[in-house]
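Encoded as structure tokens, the structure appears first; notes follow it.
The values are calculated or read from the model by the stated rules, or taken from the named source; none is laboratory data. Being a predicted model, the structure only gives us computed values, none of them experimental. Cβ sites come from the backbone with ideal geometry, for glycine too, and all protein chains shown count toward neighbours. Ligands, DNA and RNA are stripped out before the accessible areas are found, and what is left, the full protein with its side chains, is counted by its heavy atoms. Shrake-Rupley method; radii C 1.70, N 1.55, O 1.52, S 1.80 Å.
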Amino acid sequence: MAWLHINAPGRGVTPSARSWCACGRDLFAAGQRRALALIDDHVQHRALCPLLVSQEGKAA
């Protein structure tokens, strides 16, 4: 499993994102540009992670 947590508070507060996965991935980014880059990276990770690719399409 892979999770993405995005914190986008109101004006004047720094947005952040955290991406983690069962494979051991645990990344954090603060600031708009870095958080957006981490979100894109998280999407790519979900497509390439061997733990996730082998689970796609399996019934829960």
- Note on the structure: Within segment 20-55, the count of residues that are in a loop (DSSP other than H, G, I, E, B) and exposed (fewer than 12 other Cβ atoms within 10 Å of the Cβ) comes to 2
- Query: Condition test on A8, is it of a type outside the set (F, W, Y), open to solvent by 70 Å² or more (accessible area, probe 1.4 Å), modelled with pLDDT under 90 and touching a Pro at 6+ places or on another chain (Cβ under 9 Å)?
  - Reply: yes
- Note on the structure: Residues in segment 11-33 that are in contact with a His (Cβ under 8 Å, 6 or more places away or on another chain), modelled with pLDDT under 95 and among the polar types (S, T, N, Q) total 0
- Specify the residue that is nearest to the chain's Cα centre (by Cα); the eligible residues are those in segment 1-19 that are part of a loop (DSSP other than H, G, I, E, B) and among the hydrophobic types (A, V, I, L, M, F, W, C). M1
